[in-house]
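What follows is a set of notes on a single structure, which appears directly below.
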Amino acid sequence: MKEAQPLLIFPYNGNSLEALDCLGDAYLLIGFVDDTPGKRGIDPNGYPVFGREAFDRFSDARVLAVPGSPRSYRARKDIIRGLGLAEERFATVIHPAARVSPLASLGVNVLIMAGVVVTSNAAIGSHICILPNTVIHHDVAIGDWSLIGSNVTIAGNTVVEENCYIGSGTSLMNGIRIRNGALVGLGSNVIGSVEAHATVAGNPAREIRKKPWPELPVHPCASVRNASN
């Protein structure tokens, strides 16, 4: 059997805690990394929480970076790039109970949780989180830096562009396009394309905000603390 790879998870947040259940036998968690001094030490599960010096201290460890929330998801690109890590350092973690078609493609730093199904010819970019029980159908494309909630259904030939947030319980109709930076609210039924940086919600989904939500600061440590929620 292949030896488990050492892994660091950044930051210490809800996404990272849920990632623990996804590691299976492929990875051995060394600990978490977080920029907030108050989070460092030993967490309730017995795992250490380090500062960024851990990236150099454990130079052979792969890294799963999963910051982001509905309020901070647009900062994910800057936060992850700010780690200064080479692309080959990032891990892709797939829960043993997820199903990814051999005809699908995945980038780096992808987290796929339990019950997710990714079908034929789907193209999943890099730096993406997909929460439990989501179904991504044939020929769907998910752009880099996006967050996909739980129990989401994305029908065939739909495109989710970069840095989007798709709320849990949402359905996206086939053949539509969710453009860069858009946010789709919880439980929405989206039957048409969504403009860049818009916020939509409802059944059917309607635009409720054109201007992006105020960005949380990317630097200094406060950015990661806020992105952890």
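Which whole-number percent of Cα pairs in the range 5-89 have a distance greater than 17 Å? Here the tail beyond 17 Å accounts for 45 percent of pairs. Projecting the Cα atoms of 6, 175, 54 onto the dipole axis of the chain, where Lys and Arg carry +1 and Asp and Glu carry -1 at the beta carbon, places 175 farthest toward the positive end.
Based on the Cβ-Cβ distance of residue 157 and residue 195, what FRET efficiency does E = 1/(1 + (r/R0)^6) give at R0 = 22 Å, to the nearest 0.05?
Efficiency computed from Cβ-Cβ geometry: 0.70.
For the range 12-79 versus the range 91-127, the spacing of their alpha-carbon centroids is 20 Å. Using C-alpha pairs under 8 Å with a sequence gap of at least 6, the mean separation divided by the residue count of the range 93-204 gives a relative contact order of 16 percent.
The mean sequence distance of close C-alpha pairs (under 8 Å, at least 6 residues apart), as a share of the length of the chain, puts its relative contact order at 15 percent. What Kirkwood hydrodynamic radius do you get for the range 46-169 when you take the inverse of the mean 1/r over all pairs of distinct Cα atoms, in Å? Every distinct Cα pair counted, the radius reaches 14.9 Å. This model, with +1 at the C-beta of Lys and Arg and -1 at the C-beta of Asp and Glu, gives the chain a dipole about its Cα centre of some 600 debye.
For the chain, the Kirkwood estimate of the hydrodynamic radius, built from every pair of different alpha carbons, is 17.6 Å.
When only Cα pairs below 8 angstrom with a gap of at least 6 residues are kept, the range 30-117 shows a relative contact order of 21 percent. Per DSSP helix of 4 or more residues, -39500 (n - 2.57); summed, then divided by the residues of the chain. What does that give at 222 nm, rounded to the nearest 500? Using -39500 (n - 2.57) per qualifying helix, the result is -2000 deg cm²/dmol.
No lab work stands behind these numbers, since they all come straight from the coordinates. Please read all numbers here as calculations on a predicted model, not as lab measurements. When we count neighbours, we look across all protein chains shown, and the Cβ atoms used for this are built from the backbone with ideal geometry, even at glycine.
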